[in-house]
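Q: One structure, pasted below without further comment.
The values are calculated or read from the model by the stated rules, or taken from the named source; none is laboratory data. Computed from a predicted model, the values in this text were never measured in an experiment. All Cβ positions, glycine included, derive from the backbone under ideal geometry; neighbour counts span all protein chains shown.
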Amino acid sequence: MKIRIIVLLALLPAYSYLWSGNWQNRQDDRHFEKKEAGTAKRIMTGDERTELYLPLVGGKRVALFSNQTGLVGEDHRHVLDMLVEKGVRMTAIFSPEHGFRGHADAGAVVADEVDERTGIPILSLYGQNRKKHLGEEAMGLFDVLLVDIQDVGLRYYTYYVTMCHLMDACAKYGREVIILDRPNPNGHYVDGPILDMSLRSGVGYLPIPVVHGMTLGELARMAVGEKWLNEGNACRLTVIPCLNYTHQTHYTLPVAPSPNLPNMQSVYLYPSLCPFEGTVVSMGRGTDKPFQQYGHPGMLACHSYSFTPQSVPGATRPTLLGEKCYGKDLSVIPYDTIWQQQMSLKYVIDAYRCLKTEGKADGFFTSFFDKLLGQTYVRKMIEEGYSEAEIRARWKDEVEEFKRKRQKYLIYE
């Protein structure tokens with residue numbers, strides 16, 4: 001096993017406030033920016049530190065795993081365009097769920113295409129061609145794989161799964177992997193049950209908590225070091241670290257990481273609301289507040305707030321399409337409150353108990369719920385009436401053990 005990690009010691013707290021596209025901000029974001037602007041150093045993501053990795057790819061054929069989040073610096077240039085301009089020999093692009101431009105629905109098959117600007121082929125790793133593109137033919141297109149993609153730090157967020165598949169293939173075919181690291185917006189805590197590997201799936205690939213608190217670079221180091229890749233594979237790995245980042249940095253993303261995470265409120269609530277994907281309750285897909293509200297037509301007796309999911313780009317067939325849902329609006333909860341509650345089960349418990357009181361809880365959970373949570377006991381304990389505190393106590397010791405195990409793989413304070 002050979003892991004090459006480039007780490008600099010100048011890792012100080014910093015904040016980034018770069019907005020683009022349809023990415024939404026709130027009044028408290030703007031206030032926070034004004035408050036911190038004169039006191040903090042700007043975070044430099046790995047892709048900005050070209051002096052560290054361009055010498056490693058000189059004269060080699062290079063593939064890129066990225067999407068719309070691969071933006072470099074304050075100019076918001078895409079890393080692909082920057083690399084081409086600097087004369088890097090780019091030969092292939094690999095794209096994840098939602099596609100290279102980030103517009104496809106969750107779970108939608110993404111077809112292969114060609115990048116219009118550069119003419120470089122885009123090979124989709126989220127569709128019927130995934131296994132083909134991890135085989136000898138695709139791996140023969142390049143010598144080095146660059147990874148530059150914004151993750152949000154959740155076990156059920158699929159970008160890290162695709163990265164692991166690529167690392168597996170690179171190990172098998174002797175290709176080098178260089179990760180241009182990015183901050184984890186949920187990197188300030190670790191929470192949730194550890195994945196039972198019998199429930200391994202596309203939304204749970206490694207034996208880690210729901211909220212693992214690591215950057216992709218750190219997680220890749222751990223996957224190699226703990227021999228979590230298939231057959232204990234170990235690719236040649238280099239991580240180009242961020243500068244001016246620590247795990248207590250509250251980093252504001254410059255662009256939406258996927259269609260249904262339109263602002264930082266949704267990113268911070270995602271750990272607590274994504275479990276609704278494994279229930280009959282809507283968590284706001286098909287509205288202007290995805291992952292910022294939840295509801296169901298049968299919850300009128302408990303809640304007066306309402307919304308109606310519609311077919312929209314990025315959520316063409318949302319849960320409870322066209323049905324008036326009653327529930328809770330979480331879009332104005334202060335960030336400090338969300339950070340304090342961490343991954344909370346109280347919203348799922350509230351919805352379940354409400355529908356049970358109304359005699360409408362049959363079929364509340366789908367089999368997908370267990371895959372998302374990575375354990376069966378969470379669902380069973382909710383059904384048996386246990387409190388959130390009692391359920392959280394079940395995973396507490398495992399989380400502490402995971403935090404001890406991951407320590408040697410961390411790059412940032």
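Q: For the range 332-355, which positions are among the small types (Gly, Ala, Ser) and out of contact with any helix residue (DSSP H, G or I) (no Cβ under 6 Å at 6 or more places or on another chain)?
A: 351
Q: Which of the residues belonging to the range 381-409 are crowded, with 17+ Cβ neighbours inside 10 Å and over 14 Å from residue 343 (Cα atoms)?
A: Within the range 381-409, 381, 382, 386, 402, 406, 409 meet the criteria.
Q: Oh, and also: Can you find a residue in the range 377-384 that is without any contact (Cβ under 8 Å) to a residue 40 or more places away in the chain, in a helix (DSSP H, G or I) and out of contact with any strand residue (DSSP E or B) (no Cβ under 9 Å at 6 or more places or on another chain)?
A: yes
Q: Report, by residue number, each residue of the range 204-221 that is aliphatic (A, V, I, L, M) and more than 13 Å from residue 184 (Cβ to Cβ).
A: Within the range 204-221, 206, 210 meet the criteria.
Q: Further question: Specify the residue that is nearest to residue 160 (Cα to Cα); the eligible residues are those in the range 229-245 that are modelled with pLDDT under 95 and buried (at least 20 other Cβ atoms within 10 Å of the Cβ).
A: Result: 229.
Q: Next question. Go through the range 51-90 and give me each residue that's part of a loop (DSSP other than H, G, I, E, B) and either under 19 Å from the mean Cα position of the chain (by Cα) or more than 21 Å from residue 140 (Cα to Cα) (or both).
A: 67, 68, 69, 70, 73, 74, 75, 76, 86
Q: While we're on this one: Looking at 174, 192, 225 in this structure, which one is among the small types (Gly, Ala, Ser), surrounded by fewer than 24 Cβ atoms within 10 Å (Cβ to Cβ) and closer than 25 Å to residue 374 by Cα?
A: The unique qualifying residue is 225.
Q: Answer with yes or no whether residue 369 is in contact (Cβ under 8 Å) with a residue 12 or more places away in the chain, within 25 Å of the chain's Cα centre (by Cα) and not assigned by TED's automatic domain parsing to the domain that holds residue 207.
A: Taking the combined requirement at face value, the residue satisfies it.
Q: Hey, any hits in the range 85-103 for a residue that's of a type in the set (Ser, Thr, Tyr), surrounded by 23 or more Cβ atoms within 10 Å (Cβ to Cβ) and at pLDDT 95 or above?
A: No, the range 85-103 contains no residue that is of a type in the set (Ser, Thr, Tyr), surrounded by 23 or more Cβ atoms within 10 Å (Cβ to Cβ) and at pLDDT 95 or above.
Q: Continuing with this model, one more query. Please go through the range 138-161 and pick out each residue that is part of a loop (DSSP other than H, G, I, E, B) and not aliphatic (A, V, I, L, M).
A: 140, 142, 143, 150, 151, 153, 155, 156, 157, 158
Q: State all residues of the range 385-413 that are farther than 15 Å from residue 349 by Cα, in contact (Cβ under 8 Å) with a residue 24 or more places away in the chain and of a type in the set (A, V, I, L, M, F, W, C); if no residue qualifies, say none.
A: 395, 399, 402, 410, 411
Q: Same structure again: Please report, ordered by residue number, the strands (runs of 3 or more DSSP E) entirely within the range 234-346 with at least 3 residues that are in contact (Cβ under 8 Å) with a residue 12 or more places away in the chain and under 30 Å from residue 147 (Cα atoms).
A: Qualifying strands (runs of 3 or more DSSP E): 236-240.
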